[in-house]
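The values are calculated or read from the model by the stated rules, or taken from the named source; none is laboratory data. For clarity, every value in this text was computed on a predicted model and none was experimentally measured. In this analysis, Cβ positions are derived from the backbone assuming ideal geometry, glycine residues included, and neighbour counts consider all displayed protein chains. Surface accessibility is based on the protein's heavy atoms, side chains included, excluding ligands, DNA and RNA. Shrake-Rupley method; radii C 1.70, N 1.55, O 1.52, S 1.80 Å.
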Amino acid sequence: QVQLVESGGGLVQAGGSLRLSCAASVSTFKSYAMGWFRQAPGKEREFVAAVSWSGSSTYYASSVKGRFAISRDNAKNTVYLQMNSLKPEDMAVYYCAADTFGPGSSRAVDYDYWGQGTQVTVSS
């Protein structure tokens, strides 16, 4: 069982930055590709970014490419999402997820474990 705990959400003005963290309570963190998803009120959960187990491959939704950066520190069992140039449309609950032995995927169904989410609010 993998427990994922997100942190770093909060209130930021449009154009500002936030860094989300997701700590995994598992000894085999390298066995998992990691992803970030988000869900805004009244909308479906959508893919934001993913990273392979080694960190060498990253994937982004077109809506965040060039503004967000996903990374991981396998020594700390943590994955990060650096969010820059935030827009009001980025406001959502952000979830991290773990994909067992996966390459990194944009599909929520490929992920086996999910965190509880952290709220990101962007004021215009």
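Taking a sphere under 13 Å around the Cβ of residue 98 and counting the other residues whose Cβ falls inside, with K and R at +1 and D and E at -1, yields a net charge of -2.
Excluding residues on the same chain fewer than 8 positions from residue 76, give the lysines whose Cα lies under 21 Å from its Cα. Correct list for residue 76: 30. With all pairs of separate Cα atoms included, the chain yields a Kirkwood hydrodynamic radius of 14.1 Å. Calculated accessible area for the chain comes out at 50 Å² per residue, all protein chains present (probe 1.4 Å; ligands, DNA, RNA ignored).
Counting only aspartates and glutamates at least 8 places from residue 65 when in the same chain, those with an alpha carbon closer than 18 Å to its own are 46, 89, 90. Other residues with beta-carbon under 14 Å from the beta-carbon of residue 113 carry, at +1 per Lys or Arg and -1 per Asp or Glu, a net charge of -4.
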